[in-house]
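What follows is a short report on a single structure.
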Amino acid sequence: MPSFNDPQILREIIMDHYDAPRNRGLIDDDSYIKINMNSDTCIDNLDIQVKLNGDHIEDLKYDGEACAICTASTSIMSELVIGKTIKEARHIIENYTNMIYEKDYDADLLEEAIAFQNTYKQANRIKCATLGWTGLTRILDESEG
Amino acid sequence: MDIKSIRADFPMLNGVTMQGKPLIYLDNGATTLKPQCVIDKVCEYLTTYSGNAHRGDYDLSHQVDQEFEHAREVVKDFINASTKDEIVWTSGTTDSLNMVAYGYALKHLQADDEILISVAEHASNTLPWFDVANQIGARVKYIPLDEYGCVTMENVEKAMTKNTKIISLALVTNVLGHHIPMKDICAYAHQHGIIVVGDGAQSVPHEVTDVQDLDVDFLAFSGHKMCGPTGIGVLYGKYDLLNKMNPTRLGGGSNTRYNSCGIVSLKKPPYRFESGTPHIEGAVGLGKACEYLQSIGLQEIYDYEQQLRAYAIEKLKTIDQVEIYNETSTGAIAFNIKGVFSQDGASLFNKYGIAVRAGQHCAKILDEYLGVNTTLRVSFYFYNTYEEIDQFIDVCKKGDDFLDAFF
């Protein structure tokens, strides 16, 4: 485990996911639930697709035009939630949101996502760092009716 | 121009910080900072003669009318209109352009008529025309930009047809910042009976404006982009055209009398268009802003800003990672740092206390011309300095470290 308080390592995590986003690219498959997340306040525009299998998240895809913060945070999120149950995923999202808004959170659950722990310092970028996560939440809400 | 003493007039330039650094404000295309004299003028209304306008039954209200109409007179002189009755108070450029679209075009245009704009126009000079055209079966057409992003007289002539009824263009666009040959366009358009609407949001604050010399039919601009308050702006219209325009809002203040049968007598322009209690402190504040700019000199302001721009361009060109999209224009500078998404770039500037805009700048069809979706934009005003540009340039060189803002 690297020291997650080292800015250089956190920076490398974001750059790595920005340069080589994981699970990026949409898939033509009706079994995926789709959503478009188009930020009102900036240019980020993401399509997100989630395939559920029972109470598990079997797969997650996304694509679109987005900044480094939005792209990397969505990429990390995809790795965190694929294979998890919906309940587990919601718990991760809740902890991530708590981190973004400077509340208590469990860093172990967030793994590389803690690279975004200082987003509050650039308050106008919170939307970028949460766009993918909000999209996933909406899909989960929709699936549970 | 004594920049040091000018800067002393602006509270925002004396002690205000961003991210712990003294503010360097380079987003003047979005809005401008306010000098103390404008702030005082607004506060003076709020503290010493608050009352409504046009209700002059007592001394206080009479004083409001005097100040309110004096401000109209000042604006009239500022753009050299022939009478103050051609100055309509609005909430800003957007409101002014909507009034022309819905109050004039919707009334006078017919199916198959054409409205000419360019792809570099702001949303406020695009979306009202889309809607009006849809409602009456008219068409919005585009004057092609030349290779530098300019609207040329030649391309205006080519785009005009016998169905063209309105040409609506920014005198200086908000992203590319080029001047258009407005005087020539008006002369040519008028030979063909075409009405010309000018969006002056990015031109009026920065240069001498003479609506009679331009012979433009309507001119829209905003107070807050020229050191005035937000929520106040102007629609200039030639008086006979204002007379042919419908008010888009009706209510108190716009009428002289009406009866229960629904017969209404409207006041003459400009009051016909000013229903409801106006933004009185905004209007008097804008009048003061005009006087302040005149005291410095609009030509002096223009010349100094051009020197600042030339200095910034020269420095930007020495940085390999910077791509400039409008080197030759006179307004804002649109650029990108290669490999850095514009919004990530803006956060980097923010970290150093520098206000720079990222995005599409409300010109969402411009990408079709530029070939890039989003840009960074810096826009100067007369209170900016060479030293501020030096600091801006230093940050441009840090493009590779754009994630610094997060750590």
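The values are calculated or read from the model by the stated rules, or taken from the named source; none is laboratory data. These numbers come from a predicted model, not from an experiment. Note that each Cβ is placed from the backbone with ideal geometry, even for glycine, and that neighbours are counted across all protein chains shown.
Table for the structure above
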item: Pick from the stretch A:106-116, criterion surrounded by fewer than 20 Cβ atoms within 10 Å (Cβ to Cβ) and of a type outside the set (D, E, K, R), ranking: farthest from residue B:406 (Cα to Cα); result: A:109
item: Test for residue B:367: is it closer than 23 Å to residue A:69 by Cα and acidic (Asp, Glu); result: yes
item: Test: residue B:346 is touching a Lys or Arg at 6+ places or on another chain (Cβ under 8 Å), within 11 Å of chain A (Cβ to nearest Cβ) and either among the β-branched types (Val, Ile, Thr) or not in a loop (DSSP other than H, G, I, E, B) (or both); result: yes
item: Residue ID - modelled with the highest pLDDT, chosen from residues in the stretch B:101-130 that are farther than 24 Å from residue B:238 by Cα and either touching an Asp or Glu at 6+ places or on another chain (Cβ under 7 Å) or not hydrophobic (A, V, I, L, M, F, W, C) (or both); result: B:112
item: Candidate set from the stretch A:104-120 (those that are touching a Leu at 6+ places or on another chain (Cβ under 9 Å) and not charged (D, E, K, R)); member that is nearest to the other protein chains (Cβ to nearest Cβ); result: A:118
item: Cross-chain or 6+ apart pairs with Cβ under 8 Å, the stretch B:14-41 first and in contact (Cβ under 8 Å) with a residue 60 or more places away in the chain and closer than 25 Å to residue B:335 by Cβ, then in a strand (DSSP E or B) and hydroxyl-bearing (Ser, Thr, Tyr); result: B:23/B:17; B:26/B:379; B:27/B:379; B:28/B:379; B:29/B:379; B:30/B:379; B:33/B:25
item: Subset tally (residues that are in contact (Cβ under 8 Å) with a residue 60 or more places away in the chain and either polar (S, T, N, Q) or away from chain B (no Cβ under 14 Å) (or both)) for the stretch A:47-73; result: 6
item: Strands (runs of 3 or more DSSP E) enclosed by the stretch A:12-110 - at least 1 residues per element that are over 26 Å from residue B:341 (Cβ atoms) and of a type outside the set (A, V, I, L, M, F, W, C); result: A:45-53, A:56-65
item: Residue, nearest to residue B:84 (Cα to Cα), within the stretch B:183-216, restricted to residues that are acidic (Asp, Glu) and surrounded by fewer than 24 Cβ atoms within 10 Å (Cβ to Cβ); result: B:210
item: Strands (runs of 3 or more DSSP E) fully within the stretch B:191-283 counting 3 or more residues that are in contact with a helix residue (DSSP H, G or I) (Cβ under 9 Å, 6 or more places away or on another chain); result: B:195-199, B:218-222, B:233-237
item: Among (1) closer than 20 Å to residue B:252 by Cα; (2) buried (at least 17 other Cβ atoms within 10 Å of the Cβ); (3) of a type outside the set (Lys, Arg), the one test that residue B:54 misses; result: (2)
item: So residue B:328, is it among the polar types (S, T, N, Q), touching a residue at least 60 places away in the same chain (Cβ under 8 Å) and either part of a loop (DSSP other than H, G, I, E, B) or within 14 Å of chain A (Cβ to nearest Cβ) (or both); result: yes
item: Output for the stretch B:350-407, where each listed residue is farther than 23 Å from residue A:119 by Cα, hydrophobic (A, V, I, L, M, F, W, C) and either facing another protein chain (nearest Cβ under 10 Å) or not in a helix (DSSP H, G or I) (or both); result: B:362, B:363, B:365, B:366, B:372, B:378, B:380, B:382
item: Exclusive hit being touching a strand residue (DSSP E or B) at 6+ places or on another chain (Cβ under 7 Å), assigned to a helix (DSSP H, G or I) and assigned by TED's automatic domain parsing to the domain that holds residue B:222, set B:169, B:97, B:106; result: B:97
